[in-house]
């Protein structure tokens, strides 16, 4: 795929060229119209001077002096000439400059008084301008209409237009080149942060640095922050896998040693009981470490998950396993409360808490959630025997392994504690008066 720099440069160059061509065409048209208007005004002035030289006698005969005010009409080699049509639609006079010239191949006709007509015609393959003006000459014997006609070829006009176009396109070409060079420099400066990001990502990939550390514009800040967040998330995930494997290896040492000793002693009754206990213990350890390693953790772009539907689904599922108890379950969770958490992690979190509540309760369970400033607070209360204070302290210790789980609670609370730690939350356990346990979870709302 074409590079971003090349795409922007090509598109900007295309827009610039279209703009330059548009300006050139507009200026060319404006100058052409202005020059044509200048020719028209000049021909009108000559026509008015010709009218000033003309005289009509009482019999309607046109009289023109030999020495006209406008000498262009007297020179045979002049590019401008004139003729006059009388009231009989005949040529009453033609200038000296028209003697060796062909007149337009159209039937002469009179124009009404005050009517002006300017146009461009072709005579013998050459383009000419013609200006016609109709007048009504009044004498003692009556009114005599006349039409004055002035013709000039377009040689000078065309040369002027051609010279202007050469200058116009020349200067616009120079301007376009300068603008393209400036544009390239501006794009190079503007895209410099993108090249720095690419360089830093290459350095991260090769292991020369750990994160994107440069200071970038606000448009790229979100991107670089997301990249750093993603990199940190992946590193934390890898670290969890390594720690889980290390803890798994450490935790299996003791059960394996017990099994090895039981096999060495060959005491059948005690061997069977010991082996069963150690196998169950090893199974719990493996399940705990696998779930711990599989915790997704927060990552960029994670979608919010609604809490109520997950909690309601888990309660309905767990209640089927404890139909003999059939406790009263109250779900006090607003339907709008959501968390940026992996759905599987949320189900694991609530599933363990709700399962423990069903296991230890007598008749009542309360599940609630509320939004408090920057945190979502989730509470699970039951009316069971509760958790001894000394065990609460040990549960809340960081680094407690599955092989040190609280008797009777399996690995559930250990998993809950680890998931909360991964998401930067907090866990507290209190007595639920008059009896039972109250487990409170604090998770970030954003």
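Overview of values
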{"read-out": "Residue in region 410-440 that is modelled with the lowest pLDDT, counting only those that are surrounded by 17 or more Cβ atoms within 10 Å (Cβ to Cβ) and under 39 Å from the mean Cα position of the chain (by Cα)", "value": "422"}
{"read-out": "Residues within region 74-117 that are surrounded by fewer than 17 Cβ atoms within 10 Å (Cβ to Cβ) and under 18 Å from residue 44 (Cβ atoms), tallied", "value": "7"}
{"read-out": "Filtered residues of region 304-329 (kept if surrounded by 13 or more Cβ atoms within 10 Å (Cβ to Cβ) and assigned to a strand (DSSP E or B))", "value": "305, 306, 329"}
{"read-out": "Which numbered condition residue 51 fails, given (1) in contact (Cβ under 8 Å) with a residue 24 or more places away in the chain; (2) exposed (fewer than 12 other Cβ atoms within 10 Å of the Cβ); (3) part of a helix (DSSP H, G or I)", "value": "(2)"}
{"read-out": "Residue that is nearest to residue 10 (Cα to Cα) [pool: residues in region 196-208 that are in contact with a helix residue (DSSP H, G or I) (Cβ under 9 Å, 6 or more places away or on another chain) and at pLDDT below 85]", "value": "204"}
{"read-out": "Test result for residue 46, touching a residue at least 60 places away in the same chain (Cβ under 8 Å), surrounded by 17 or more Cβ atoms within 10 Å (Cβ to Cβ) and part of a helix (DSSP H, G or I)", "value": "yes"}
{"read-out": "Boolean, residue 275 is assigned to a helix (DSSP H, G or I) and at pLDDT 90 or above", "value": "no"}
{"read-out": "Unmet requirement for residue 71, which otherwise passes all of (1) surrounded by fewer than 17 Cβ atoms within 10 Å (Cβ to Cβ); (2) touching a residue at least 60 places away in the same chain (Cβ under 8 Å)", "value": "(2)"}
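The values are calculated or read from the model by the stated rules, or taken from the named source; none is laboratory data. Note that this is a predicted model, so its numbers are computed, not measured. Because the Cβ atoms are built from the backbone with ideal geometry, glycine has one as well, and the counts that use them run over all protein chains shown.
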